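Take a look at the structure set out below.
Read-outs throughout are calculated quantities, based only on the coordinates presented, and are distinct from any laboratory measurement. Because the structure is predicted, anything quoted here is derived from the model rather than measured. FYI the Cβ positions are ideal-geometry reconstructions off the backbone, even for glycines, and counts take in every protein chain you see.
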Amino acid sequence: MDISYIINELGEDREKYFSALAPPIIQTSNFVFKTVAQMRAAFENEYDTYIYSRGNNPTVNILKTKLAALDAAEDCLVFNSGAAAIFASVLANVKAGDHIVSVQKPYAWAQKMFDVILPRFGVTTSYIDGRYIENFERAILPNTSLIYLESPNSWSFEIQDLAAIAALARAEGITTICDNSYCTPLYQQPLAMGIDITLQSATKYISGHSDTVAGVVSSNSHLIKKIFNSEYMNIGSGIQPFNAWLLLRGLRTLPARLQQITSSTYKIVAFLQQHPLVEKVIFPFDQSFPQYSLAKQQMKGACGLLSFIIKAERVHQIEKFCESLQHIFIAVSWGGHESLILPKCSTMSHDEFNAENPEHRMLRLYIGLESPEYLIEDLTMAFDKIN
Ligand SMILES: *Cc1c(COP(=O)(O)O)cnc(C)c1O
C-alpha cells in the first residue's frame, strides 16, 4: 500500500462525520445500543465492536488502521505509552517458569520489567550481545518462550540480524518481539523479516511534536486479539481519543519530517567527524559503524539519533558543553521537532565519572527539524567554549 494513501486516506470514512477533512475526536467512554439483542451480540465480540472506550474507540480505530498498514501488519494496538506496549506484549507471551532471551541493555523500562517484575512470577531473563547469532543459539533453553530485540538500540545502535534470529526462533517455536522505535515502519519492517511482533514508542517520530506519550504493537490478528482480550483490556492502558488524534495529526507529516531529519543528520555527522574535540561518532548508516553492511541490508534509512564521544578530561567540560548550547536542549526522549542532547555523565555521580572510559564521555544527540546550519553553529559555539 502506498504510504501517501495510508497517511491521507486509509481508515477515514469522512461521510460519517459531515465530510470533515480532519477526523473527529470521539471523546466518549461508552456507546449505546438500541436493543438488548445488539448489546448481547457486542458482548460476544468486544474485539470488533464499540461497547466501551477501554476496548474500542472510533478515533483510535482510524489511527490503528493506519499504523497497522504502515507496519504491513494484519492488526495493531495503540497504548498510552511505549512502555505499556512493551509490558503488554511481553506479558501476553510468557507464563510462570518461562525464560526470555533479551538483547543486552534494552530500553530501560523493558529491562526493569525483566529484572524486577517478571522474576516475581517465575519468569527469568538472560541478556546477550545480540550482534552475534551464536549468542542466541547458546542462550536458548528448553523453557525459552520469548526473544526480545531492539534494533538498533537507542544509545550505541547495536543491531541484530532480524531475519536470521526470526528463522532460528521459528524453528524452536519461540515468539520474537522487536522494539523498532529508532527506525519507525518507514525505515525498517521487522514483520517482513519474520519477526512475530514489532513495537515502537509513538511518543517519538509518530507524534513528532513532543506533546504526547504513546506506543504501538503490531502483529498478526491472532496475536493482537490475544493481547487485546487479556493485557490490553485488563491493564486498561489503551490510548485516549484526544491523544490518538494528536498521533493522527503527527502521522500526516511523518515522511516529510523523516526526510528533513535524515538530510540534516548526514550533515551533522560529517561536521562532528571533522571536529578536533570529537573522538568518535556512532551512527548506523556511517561507514565507520562496525555493523554498517547489516544496517544497510535490513534498514531503509537511519536518522535523528546519533552518539559521539567528546574529548574531555573533566566531567565539568562536558557539562559546560551541554549548558553552552543555546538551541539544542538538554533532555531525554527524541523524535520531536526540537534537537536534544543527553550526556551519559548525567546518569552517574561526579565521583563515578572516569574520563578514561569513553562511554562516560558519550553524548547522545537528537537532530530535530531546525536547519542543519543553525544546529552546526550552536555546536561550534559550545565546542569553542570548552576549547
Ligand atoms: C522512548 C522509548 C520507549 C518507551 O516509550 P514511552 O513512549 O516513553 O513509554 C521504548 N523503547 C525505546 C527504544 C524508546 O526510545
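Taking every alpha-carbon pair under 8 Å whose residues sit at least 6 apart, the chain reaches a relative contact order of 16 percent.
Between the helical axis of 315-324 and the longest alpha-carbon principal axis of the chain there is an angle of about 70 degrees.
May I ask which residue of ALA84, SER237, LEU254 lies farthest towards the positive end of the charge dipole of the chain, with charges of +1 (Lys, Arg) and -1 (Asp, Glu) on Cβ and the Cα centre as origin? So the residue furthest toward the plus end is SER237. Can you give me the Cα centroid spacing of the stretch 1-76 and the stretch 79-103 in angstrom? When both Cα centres are located, 26 Å separates them.
The ranking of LYS105, LYS385 by Cβ neighbour count inside 10 Å, starting from the fewest, reads LYS385, LYS105.
Counting neighbouring Cβ atoms within 10 Å and putting the fewest first, the residues VAL332, VAL278, VAL103 line up as VAL332, VAL278, VAL103. Listed values for the stretch 217-223 are Karplus-derived 3J(HN,Hα) couplings in whole Hz (6.51 cos²θ - 1.76 cosθ + 1.60, θ = phi - 60°), namely 10, 10, 6, 6, 4, 4, 5, and x replaces Gly and Pro. Taking the fewest neighbouring Cβ atoms within 10 Å as the starting point, the ordered list for GLU158, GLU74, GLU359 is GLU359, GLU74, GLU158. Evaluated with a Cβ-only charge set (Lys, Arg +1; Asp, Glu -1), the chain carries a dipole of roughly 560 debye about its Cα centre, given to the nearest 20. Separation of the stretch 277-342 and the stretch 156-171, taken as the distance between their Cα centroids, equals 25 angstrom. Estimated from helical segments only, the mean residue ellipticity of the chain at 222 nm is -10000 deg cm²/dmol, where each DSSP H run of four or more residues counts as -39500 (n - 2.57). Other residues with beta-carbon under 13 Å from the beta-carbon of LEU379 carry, at +1 per Lys or Arg and -1 per Asp or Glu, a net charge of -3. Straight-line reach from LYS267: taking Cα to Cα under 27 Å and skipping same-chain neighbours fewer than 8 places apart, the lysines in range are LYS204, LYS280, LYS296, LYS300, LYS311, LYS320, LYS344, LYS385. With Cβ to Cβ distances under 15 Å as the rule, what net charge do the other residues near THR203 carry (K, R +1; D, E -1)? With Lys, Arg at +1 and Asp, Glu at -1, the neighbours total 0. With respect to the chain, whose longest principal axis is taken over its alpha-carbon atoms, helix 241-251 is tilted by about 50°. Projecting the Cα atoms of ASN135, GLY215, HIS99 onto the dipole axis of the chain, where Lys and Arg carry +1 and Asp and Glu carry -1 at the beta carbon, places GLY215 farthest toward the positive end. Seen against the Cα atoms of the chain and their longest principal axis, helix 162-172 is set at about 50 degrees.
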